[in-house]
Amino acid sequence: MANRIHPTAVIGAGVELGDDNVIGPYAVIVGQTRIGSGNWIGPHVSIGTPAEDRTGPHPAGWDGELEGAGVEIGDGNRIREYFTMHQGTWRTTRVGDGNYLLSRTHLGHDCLVDDFVTLASVQLGGHCHIWSHANIGMGTVVHQKAEVGPGAMVGMGGAVRKDIGPFTISVGNPARVSGINVVGLSRRGCDEATITALEPFLKGTGDLPASGVPEDLATLLKAWADRAPADH
């Protein structure tokens, strides 16, 4: 299906679009940017402008100037009004599939947002990584280079200053773990016994159980446990 692009939107050189995207009034999308299919991109969204780096280049992407490590957006995302997403400096700033990114959310340079994430007017500093199925509440600020683990929930107005573990619930300033995301684990196929077995791992006091965890969830949690520390 063809893309539906409002005539007031600006689509710069170096932008690659898939199919069946909706791009609303006054959206500005500049290169180098790759966008998949089936995305809804609202009015006044800005994607692909330069990284907020004092020493970095500031090309005029709307005039065809291309510089930066790029932006990539997958399929089936809902990107609401006044969302902003900047070019990467050393890696592509990336959004995966099936995310819901509410109005005025900001993704700083070199951020990674995986799949099925909800960001409610959240501000991400540069180099952050938000893992799949995370849900970050309204008005939360995430410090640069922090990671929010898969399935984690952060309450509205939180200040994330360090990594948040998978399938935990965190609140406050600074954000502190207050519990386990039992609902999220249940949706991933865990029964009560499995959740109990996982709790030490999720709280950082034990290892990932060797068996009993649904395969796709075990793969995700192992990837979290094996992740390399930030080096930028």
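The values are calculated or read from the model by the stated rules, or taken from the named source; none is laboratory data. If you're wondering where the values come from, they're calculated on a predicted model, not measured in any experiment. Positions of Cβ are generated from backbone atoms using ideal geometry, with glycine treated the same way; all protein chains shown enter the neighbour counts. Only protein heavy atoms, including side chains, enter the accessible area calculation; ligands, DNA and RNA are left aside. Shrake-Rupley method; radii C 1.70, N 1.55, O 1.52, S 1.80 Å.
Taking the options 181, 135, name whichever one is over 30 Å from residue 90 (Cβ atoms), out of contact with any Leu (no Cβ under 8 Å at 6 or more places or on another chain), of a type in the set (S, T, N, Q) and at pLDDT 95 or above.
Values: 135 fails: over 30 Å from residue 90 (Cβ atoms).
Exactly one of 181, 135 is over 30 Å from residue 90 (Cβ atoms), out of contact with any Leu (no Cβ under 8 Å at 6 or more places or on another chain), of a type in the set (S, T, N, Q) and at pLDDT 95 or above, namely 181.
Scanning the range 165-188 for residues that are farther than 16 Å from residue 132 by Cα, open to solvent by 10 Å² or more (accessible area, probe 1.4 Å) and not aliphatic (A, V, I, L, M) returns 172, 173, 174, 176, 178, 179. Of the residues making up the range 201-221, those that are of a type in the set (A, V, I, L, M) and farther than 13 Å from residue 149 by Cα are 208, 210, 213, 218.
Of the residues making up the range 117-140, those that are more than 21 Å from residue 227 (Cβ to Cβ) and in a strand (DSSP E or B) are 118, 123. Of the numbered criteria (1) more than 22 Å from residue 129 (Cβ to Cβ); (2) more than 21 Å from the chain's Cα centre (by Cα), the one residue 208 fails is (1).
Taking each residue of the range 39-53 that is more than 15 Å from residue 126 (Cβ to Cβ) and of a type in the set (Val, Ile, Thr) and looking for partners that are assigned to a strand (DSSP E or B) and open to solvent by 10 Å² or more (accessible area, probe 1.4 Å) with beta-carbon atoms closer than 7 Å, six or more apart or interchain, yields 41/22. Of the set (1) open to solvent by 30 Å² or more (accessible area, probe 1.4 Å); (2) out of contact with any Pro (no Cβ under 6 Å at 6 or more places or on another chain); (3) under 21 Å from residue 137 (Cα atoms), all apply to residue 32 but (3). Across the range 85-100, the number of residues qualifying as surrounded by fewer than 20 Cβ atoms within 10 Å (Cβ to Cβ) and in a loop (DSSP other than H, G, I, E, B) comes to 5.
For the range 20-40, residues that are in a strand (DSSP E or B) and in contact with a Phe, Trp or Tyr (Cβ under 6 Å, 6 or more places away or on another chain) total 1. May I ask you to list the residues in the range 189-229 that are closer than 29 Å to residue 125 by Cβ, open to solvent by 70 Å² or more (accessible area, probe 1.4 Å) and in contact (Cβ under 8 Å) with a residue 24 or more places away in the chain? Result: 203, 227. Kindly check whether there is at least one residue in the range 70-91 that is among the hydroxyl-bearing types (Ser, Thr, Tyr) and closer than 18 Å to residue 131 by Cβ. Within the range 70-91, not a single residue is among the hydroxyl-bearing types (Ser, Thr, Tyr) and closer than 18 Å to residue 131 by Cβ.
Quickly run through the range 69-81 and pick out the residues that are under 13 Å from residue 34 (Cα atoms) and open to solvent by less than 40 Å² (accessible area, probe 1.4 Å).
Initial filter on the range 69-81 (under 13 Å from residue 34 (Cα atoms)): 69-75.
Hits for the range 69-81 are 69, 70, 71, 73, 74.
Results for (1) open to solvent by less than 20 Å² (accessible area, probe 1.4 Å); (2) touching a residue at least 40 places away in the same chain (Cβ under 8 Å); (3) closer than 24 Å to residue 180 by Cα, shown as yes or no for each residue.
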| site | (1), (2), (3) |
| --- | --- |
| 83 | yes, yes, no |
| 102 | no, no, no |
| 108 | yes, yes, no |
| 120 | yes, no, yes |
| 138 | no, no, yes |
| 143 | no, no, yes |
| 158 | yes, no, yes |
| 163 | no, no, yes |
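Taking the criterion of being open to solvent by 50 Å² or more (accessible area, probe 1.4 Å) and more than 18 Å from residue 76 (Cβ to Cβ), the only residue of the range 14-26 that qualifies is 26.
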